[in-house]
Amino acid sequence: MASIRDIKRRRDSISSTEQITKAMKLISTVKLQKSKARAEESKPYYDMMYDTIGSILRKSGSIDHKYLQTGNAKRKAVIAITSNRGLAGGYNSNIVKLVNGDERLAPELTDVYAIGRKGKESLGKKGYTIAEDYSDVINEPIYRDAADITMELLDAFEQKQIGEIYLAYTSFKNTVTQVPTLKKLLPVELEEGSEKTDLTLMNYEPDEDQVLDSIIPKYMSSLIYGALLEAVASENGARMTAMDSATNNAEEMIEELGLAYNRARQGAITQELTEIIAGANAIS
């Protein structure tokens with residue numbers, strides 16, 4: 001049985017940890033309110049952008065455009081959005097599992113454009129090539145960051161260095177529910193089951209190449225920026241939930257250690273009284 005001193009030391013240690021987890025939960029809660037509002041306000045725009053591009057392409061018939069063709073490049077690129085810090089439950093590991101578990105993204109043929117140090121470190125250990133590190137972007141995402149990342153990826157796509165571009169992020173549903181999501185950004189594809197028949201064909205002015213050259217980069221930038229906002233909200237939600245669970249576990253452990261401490265102290269008092277009584281009896 002542990003000594004009274006050991007139990008007290010362990011209880012004090014857990015109490016200190018509990019104070020830290022409470023503080024982290026409070027900070028995450030405050031950050032969540034701000035990031036949640038930004039993500040929810042922006043989501044309709046990005047969803048509409050995604051649906052609109054799909055609608056345009058469904059009504060366009062067969063188009064021979066550079067952003068719609070895979071080409072001969074075997075390598076693929078994935079933008080992996082994670083966090084720079086841990087203590088967020090399975091938030092980071094879920095993205096790593098999502099990327100590593102997709103048969104289209106073999107480590108030896110995939111370049112990772114990492115947004116978040118945790119994803120960069122974990123995917124690097126699994127054999128993926130880290131093409132770029134944009135970890136600072138996740139601290140305070142702005143649209144300009146998404147546009148810069150888009151231009152770099154499109155340049156690599158046009159030069160046939162990569163043939164496909166994917167986006168891995170955590171979609172924010174609510175405070176306790178975040179869903180790891182993988183989307184294919186390029187080549188732009190129609191959803192399965194999309195019908196091209198019985199639709200009025202799209203007319204382009206001045207021509208389809210110029211229009212698609214303009215809107216597809218904006219489409220990509222919008223989806224990446226929307227993913228960044230959702231990822232930040234998801235990270236704060238996951239960390240708040242994880243710290244809440246950690247705090248509850250600490251409280252339970254402190255309560256159990258309190259009972260153990262009282263039992264040990266009572267046992268020590270009882271033993272001391274027994275020894276005193278036995279000594280008095282021996283003298284008399």
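Nothing in this text is a laboratory measurement; each read-out follows from the coordinates by a stated rule. Here the structure is a predicted model, which is why all the values come from computation and not from measurement. Positions of Cβ are generated from backbone atoms using ideal geometry, with glycine treated the same way; all protein chains shown enter the neighbour counts.
What FRET efficiency comes out for the pair E40/Q69, r = Cβ-Cβ distance, R0 = 30 Å, nearest 0.05?
Once rounded, the FRET efficiency stands at 0.25.
What is the log10 of I(q)/I(0) for the range 24-78, computed with the Debye formula using one identical point scatterer on each Cα and no solvent, at q = 0.27 Å⁻¹?
The Debye formula, applied to the Cα set alone, gives -1.03.
To the nearest 20 Debye, how big is the dipole of the range 39-94 about its Cα centre, given +1 on the beta carbon of each Lys and Arg and -1 on that of each Asp and Glu?
400 debye
How do V96, V30 line up, fewest other C-beta atoms within 10 Å first?
Least to most surrounded, the residues fall as V30, V96.
Using the charge dipole of the range 145-284 (Lys, Arg: +1 at Cβ; Asp, Glu: -1 at Cβ; taken about the Cα centre), state which of N236, N249, G226 has its Cα farthest towards the positive end.
Sorting the options by dipole projection puts first N249.
Using a 10 angstrom cutoff on alpha carbons, build the Gaussian network for the chain and name the most mobile of P180, P217, P206.
Comparing P180, P217, P206 in the GNM, the peak value goes to P206.
Rounded if a/c is under 1.5, else prolate if a/b is larger than b/c, else oblate: which is the range 14-147, with a ≥ b ≥ c the root eigenvalues of its Cα gyration tensor?
Here the range 14-147 falls in the oblate category.
Which pairs, out of K160/K183; K97/K118; K25/K125; K97/K160; K125/K160; K43/K76, put more than 24 Å between their alpha-carbon atoms?
Over 24 Å Cα-Cα: K25/K125; K97/K160; K125/K160; K43/K76.
Arrange S55, S83, S222, S16 by Cβ neighbour counts within 10 Å, fewest through most, would you?
Neighbour counts put them in this order, fewest first: S16, S55, S222, S83.
For a footprinting-style exposure proxy, rank L228, L186 by other Cβ within 10 Å, fewest first.
L186, L228
By the scheme Lys and Arg +1, Asp and Glu -1, what is the net charge of all other residues having a beta-carbon under 9 Å from that of R239?
Neighbour charge sum, excluding R239 itself: +2.
What spacing in nm lies between the two simple spin-label points modelled at Q161 and T270, each 7 Å away from Cα in the Cβ direction?
So the label points at Q161 and T270 sit 7.4 nm apart.
Roughly how many debye, to the nearest 20, is the charge dipole of the chain about its Cα centre, given +1 on each Lys and Arg Cβ, -1 on each Asp and Glu Cβ, and no other charges?
1260 debye
Using a 10 Å cut-off on Cβ atoms, rank the peptides 109-120, 164-175 from the highest mean neighbour count down.
Per-residue Cβ counts within 10 Å, averaged per peptide and sorted highest first, yield 109-120, 164-175.
With charges set only on the Cβ (+1 for Lys and Arg, -1 for Asp and Glu), what does the dipole of the range 226-284 come to about its Cα centre, in debye to the nearest 20?
Rounded to the nearest 20 debye, it is 220 debye.
Nearest-5 percent of antiparallel DSSP beta bridges in the chain?
40 percent
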